[in-house]
Structures are given as structure tokens and as C-alpha cells.
Amino acid sequence: LAEACAAEWQAQGDHIVPASMPISQLAFAAIDWTAPDRAGRVGYVASYGETDLCCHRAETPEALVTRQAATWDPLVAWGARALGVTLPIVTGIVAAKVPAEALALIRARAAQYDDFALTALSQATGLSGSMLIGFALLQGELSAQQAFEAAALDELWSLERWGEDAEARARLERMRAEFDALAAFIAALAP
């Protein structure tokens, strides 16, 4: 991690551009943001148990419903196996009724990580709207590209169906870059 941060700093020119140093920013967040409020970060991750993107499905059109199932069902099943948490699949945007025991287990799983890994988990969860995607990226179940595609599934489907939109594409490219940075940060944490 230190070498990855040093490389970002060495790549700076006359002016320091923090946006060009995502690994350093994540390391700073672990120290300045996560360490003093671990309970807050753990609670943040657990809060996605009721609103996890992978569990909130469209009712129509059938092509989108099929794609969501093909992409997200394996993540829901992985969460049940790897995390011991089975989340209900619902349609629409209303929060699912998740047993308190499941939310407590999500908290316990998140709390087991050190400040740096918890920062990555929290950031990936918020970026994707899914604690399942966050845990899967952190644990190496998903690559950065796979995590991006799962998180952006609805937007990518809309672009395919309705055509390109420069603003939407730019937003998706920023999201892809954030997943790439998170994956590099996670790789730098590996022993």
C-alpha cells in the first residue's frame, strides 16, 4: 500500500491533484474517517441489507428482469454461502423486511475487517448501492469490471435500449474508474 501511495505522489507534477491519487485518498480515509468512527462505517454497510441493489428488482420489461436475475441471483446466493446472510428479493424500491439477526450478522462480518479493508468495503458498498457487491469485491469474488457491471446494470441496460447519452456515459466511466481504484487499493492490502 505504501508503494502504491508513493507511486501516486511521485506521479504528481508542479501541482498536487488529489483526484489523481485515489489509493492515497482511500488510505487517508481509513485513517481520518474510518478509524475514529468504525461503528458508523459498519452500520453504513449493514444499512444496505434492507435496500441492497441486488435484491430490488424491476417488474418489467422482461429483458431487464432476466438480466437482473442472471447477474444478481449469483451474488445473492454467494452472500448466503460466504456471509451466511440470505436477503429477500423484492420488486420496487421499498426497503425489504430483513430479520434483525441478518443485519447483525452483516455488522459482524463488516466489523471483522481492519480500518483499511473496512474503508474499501464501505466505499464499494456506497458506490454500488450493494453490500453484496462490496463484500464480493473485497473478498475477490468479483473483479473491478464485474463489480462495475453488476452495480451499473440498470444504467447500462438503458443505454443499450435507448441509445447513448454523453452525460450518463461520463457518469458510468467515473464509476468504473472508482471501482478500478478500489480494486487496486484492495490488491495493495493483500499480504
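Arrange the peptides 95-105, 148-158, 119-129, 33-43 so that the one whose residues have, on average, the most other Cβ atoms within 10 Å appears first. It would help to have the intermediate numbers written out before the result.
On the way: 95-105: 13.7, 148-158: 18.7, 119-129: 23.8, 33-43: 16.0.
Those peptides, ordered most packed to least, come out 119-129, 148-158, 33-43, 95-105.
Given a 1.4 angstrom probe, I'd like the percentage of the accessible area of the chain that is carbon and sulfur, rounded to a whole number. Working shown, then result.
Details: 5570 of 9720 Å².
After summing per-atom areas, the C and S share lands at 57 percent.
Expressed in nm to one decimal, what extension gain is obtained for the pair ASP154 and VAL17 from 0.36 nm per residue of sequence separation less their Cα-Cα distance?
Numbers: separation 137, 0.36 × 137 = 49.32 nm, distance 3.20 nm.
Length difference between fully extended and current span is 46.1 nm.
Post the alpha-carbon centroid distance, the stretch 62-138 to the stretch 9-50, in whole angstrom.
21
Do me a favour and compute the ellipsoid semi-axes for the stretch 1-105 from its Cα gyration tensor, root of five times each eigenvalue, largest one first, whole Å. The partial results should precede the final answer.
Working: eigenvalues 260, 77, 31 Å².
Semi-axes from the Cα gyration tensor: 36, 20, 12 Å.
Between Rg and the Kirkwood Rh of the stretch 115-191, both from Cα atoms, what is the Rg to Rh ratio?
Values: Rg = 12.9 Å, Rh = 12.6 Å.
Rg/Rh: 1.02.
What does the accessible area per residue of the stretch 59-191 come to in Å², with a 1.4 Å probe and no ligands, DNA or RNA counted?
Working: 6610 Å² over 133 residues.
With the other protein chains kept in place, the stretch 59-191 gives 50 Å² per residue.
All other residues with a Cβ under 11 Å from the Cβ of LEU118 taken together, and with Lys, Arg as +1 and Asp, Glu as -1, what is their net charge?
Values: positive: ARG38, ARG41, ARG109; negative: ASP37, ASP114, ASP115.
With Lys, Arg at +1 and Asp, Glu at -1, the net is 0.
How large is ³J(HN,Hα) for each residue in the stretch 109-114, as worked out from phi by the Karplus curve 6.51 cos²θ - 1.76 cosθ + 1.60 (θ = phi - 60°), to whole Hz, x for Gly and Pro?
Karplus-based 3J(HN,Hα) across the stretch 109-114 equals 5, 5, 5, 6, 8, 6 Hz.
Hey, what's the Kirkwood Rh for the chain if you take every pair of different alpha carbons, in angstrom? Don't skip to the answer; put the middle values down first.
Numbers: mean 1/r = 0.0575 Å⁻¹.
Taking the inverse mean of 1/r over all distinct Cα pairs, the chain comes out at 17.4 Å.
Provide, as a two-decimal number, the C-alpha radius of gyration of the stretch 43-82 over 2.2 N^0.38 Å, N being how many residues it has. Please report the intermediate quantities before stating the final value.
Numbers: Rg = 11.5 Å, N = 40, 2.2 N^0.38 = 8.9 Å.
Here the Cα radius of gyration is 1.28 times the empirical estimate.
The values are calculated or read from the model by the stated rules, or taken from the named source; none is laboratory data. Only a predicted model underlies this, so the values are computations on that prediction, with no experimental measurement involved. Virtual Cβ from ideal backbone geometry, glycine too; neighbours counted across all protein chains shown. These area figures cover heavy atoms from the full protein model, side chains too; ligands, DNA and RNA do not enter into them. Shrake-Rupley method; radii C 1.70, N 1.55, O 1.52, S 1.80 Å.
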